[in-house]
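Data block below; observations after.
Please treat every number below as a calculation from the coordinates, not as lab data. None of these values were measured; they are calculated from a predicted model. Ideal geometry is used to build each Cβ from the backbone, glycine not excepted, and the neighbour counts take in all protein chains shown.
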There are 2 protein chains.
Amino acid sequence: MLNETHDPSLHSWVASAQVPGCDFPLQNLPHGVFRRQGSSEPWRGGVAIGDAILDLAAAHAQGVFSAAADSAAQAASAASLNRLMALGPAAWSALRLDLSRLLREGAPQALQLRACLFPQAQAEYAVPARIGDYTDFFTSQYHALNAGRIFQPQNALLPNFKWLPIGYHGRASSVAISGSAVRRPQGQTRAPDAATPQFGPTQKLDYELELGVFVGPGNPRGTAIDIDAAEQHAFGLCLLNDWSARDVQAWESMPLGPFMAKNFTTSISPWIITLEALAPFRVPLPREAGDPAALPYLQSTQVQALDIQLEAWLTPPGAGQATRLSRTSYRHAHWTVAHMLAHHASNGCNLQPGDLLGTGTQSGPTNGEQGCLLELSQDGRTPIILADGSQRSYLQDGDTLTLHGWCERPGQARIGFGSCVGSVLAAA
Amino acid sequence: MLNETHDPSLHSWVASAQVPGCDFPLQNLPHGVFRRQGSSEPWRGGVAIGDAILDLAAAHAQGVFSAAADSAAQAASAASLNRLMALGPAAWSALRLDLSRLLREGAPQALQLRACLFPQAQAEYAVPARIGDYTDFFTSQYHALNAGRIFQPQNALLPNFKWLPIGYHGRASSVAISGSAVRRPQGQTRAPDAATPQFGPTQKLDYELELGVFVGPGNPRGTAIDIDAAEQHAFGLCLLNDWSARDVQAWESMPLGPFMAKNFTTSISPWIITLEALAPFRVPLPREAGDPAALPYLQSTQVQALDIQLEAWLTPPGAGQATRLSRTSYRHAHWTVAHMLAHHASNGCNLQPGDLLGTGTQSGPTNGEQGCLLELSQDGRTPIILADGSQRSYLQDGDTLTLHGWCERPGQARIGFGSCVGSVLAAA
């Protein structure tokens, strides 16, 4: 539902928020946790606006928030946003409305709040919540098809894919904030023609272009989440790179799925874009003739897809020229945020505020929309050529991988996700 | 290494600790978190002795601990044992020595400490740590073989099994303390002859007879754990029942492994038995002619198996006669605690104090040693007959499943695990 906070004609008194292409205009207002780069200042919650961060602890101390938004503003200023996430949509919305009004051109509090701005260029970020559990899904049919064609050509799309959002549990401890180094993992692999496996640095280090979803209010163990109410359990979205060692994955995954191939690092972007900010970018679910009707617990006339543009760029070592590897949209995902939440809780599994869901690699229907190197290079059979003329089947040491995400639509303000960056260090 | 705390001739001034068959003699001293049943008392740490619990907060307040054990005693009295787990083996050992001396017959502090005892019969227990991540392994070759014969007879033991401890990430939020009800989960299943899946209560609810391992000191992301030092990262063991919905598992598991089939509830017993208490029960690794030599990162002359007796009992509704379903030993597991820890960290995945590892279902080489109903009933093809004459392929509503574990060896005190109990409630 759109409200005054989505009005594209609104401008902020923070001038940089109006710069064309800015990820963080007044209509976005994403939440994160920051402090001064390299300092030992306490971590605290903030909201991105233009090239600055509104320090919510400082703003709250100014007494600028309304009674309706006060407790959310306090929770949003903490070093972990779990308490904010637990409050639910009414509180999030009240805070968003206050922030929109406070940061709007002509706001009488502008002078007071200018002192609460902190430059993003001088900030470092933390994982914005204590992540109790991290679950990664497999929602893109194009990723499933592309990967399936490589590994089981006779049966590329598995029979369960269009019936349920396939998922698996990931590792919460190794979720790292954008900018954290990614050390090339060691692991067990077996070459296709080898009798025995070996242990050493992965030769098939891949990225995965995903979105992350932070869970809001949870559900008690033994209860489910109704599909129609599922989005009320989603606080917001970020970019997520589920780094993967494909050779490790191939050897270890039978019969229990990926494990060491994925749990060494998962990178996320620092800013969480609320579902409310994304409301103008809803589009119909992508459904094809022949797709089965969803089982009732996954069926809702209210569920829509989100048209979030996604890109992955590779910068070779030595700060060479970046090459765009992937360019797609989250609109192509067969399963949405609401589907993931309703399915996850359908057996009584308890979700908790701050839990993280990954959408799985996002790929689209056309060439160039593949969301990982496994697909792009056909597992190394067709290496890709970078802008500097070098080739890649998989990532090399020193490569920097950057994800971007944003929403644009005529008549709406641009809503950006910022970026999720990671550089590959040589194996230890 | 054995020391004075293992001396089987030691008696406690808590008389019940000497009752034959007692799980908690003076040589055990397991840690847990408790309070008065049904109260809103604060949770606090304690140590089981006979039929009582030594309230460590109360004991600590008496000033009875030595300087060497004082900080461990304080950490062990908290509502979550994560801080104790982080301290490491030297601190755990110092605390164990103090406790052994304080609870020993003739201890001058006996009178003071008698006031710090709490009857187990009046206690309720909490999950004893904030579990950051829960990982379940697949360490029993007999379970792997038995399950493999049902699902892929031509290739019962997968080629990776003897090269690495296969594992997958589980759900931390739904780890529940023994005694918690287990609601039969709903889920998607597809009958073998059906064209489409359906959603409803699982028809194949199973137990899994496992041990849990609580992680002690962790490792920073990007670093590994040496196999020779791996056990120093293990605080202790408990019983674990990884409830499973086999029909859900069969439909959802391709290609990413079990997810909703497992994450609705995992039950653990309340007492954590330290590795030091288990030291007298080490036995050689079970290795057969033809087994491959471990890769160097999993190779150690120090690694041994643990001979822990394990049982599962089923009590039908109405408190009928219990039937023993499973009886085996952890000694048969191909992969040990040290192997799981060293493998888990071998790619730089960071483990943290309080993380939980499951050993996977424990089955042995002979009939009756199968650790779950999938194996025992051959996925329902050969239902088992209970003591009351009724049959089971899988668990029915009202069934109570109880796990027991203990160690016995001539010349050593019996070290018991207590029990891990769960009753099946009808689906919501």
Using alpha-carbon positions, the gyration tensor of segment A:136-196 gives root eigenvalues a ≥ b ≥ c; with a/c under 1.5 called rounded, otherwise prolate if a/b exceeds b/c, else oblate, the class is oblate
Would you compute, for the Cα atoms of segment A:139-288, the largest minus smallest coordinate along each principal axis and list the three values in descending order, in whole Å?
52, 39, 33
Whichever lysines have a C-alpha closer than 22 Å to that of A:Lys162, once near sequence neighbours (fewer than 8 apart) are set aside
B:Lys262
Rounded to the nearest 5, what % of DSSP beta bridges with both residues in the protein assembly as shown are antiparallel?
90 percent
May I ask for the Rg/Rh ratio of chain A, computed from Cα atoms with Rh as the Kirkwood radius, given to two decimals?
0.97
With only alpha-carbon atoms counted, please give the Rg and Dmax of segment A:124-228, in Å.
18.0, 52
In segment A:134-425, with Lys and Arg counted as +1 and Asp and Glu as -1 at Cβ, which of these residues, A:Pro410, A:Thr382, A:Gly360, has the Cα nearest the positive end of the dipole, that is, farthest along it?
A:Thr382
For the protein assembly as shown, the dipole about the Cα centre with charges only on Cβ (Lys and Arg +1, Asp and Glu -1), to the nearest 20 debye, works out at 200 debye
Give me the compactness ratio for segment A:63-123, meaning the Cα radius of gyration over 2.2 N^0.38 Å.
1.18
Taking the square root of 5 times each eigenvalue of the Cα gyration tensor, what semi-axes in Å does the equivalent ellipsoid of segment B:4-125 have, largest first?
20, 18, 13
One finds the C-alpha centres of segment B:182-227 and segment B:6-82 to be spaced, in Å, by 32 Å
Kirkwood Rh over alpha-carbon pairs of the protein assembly as shown, then Stokes-Einstein at 25 °C and 0.890 mPa s: what D in µm² s⁻¹, rounded to an integer?
87 µm²/s
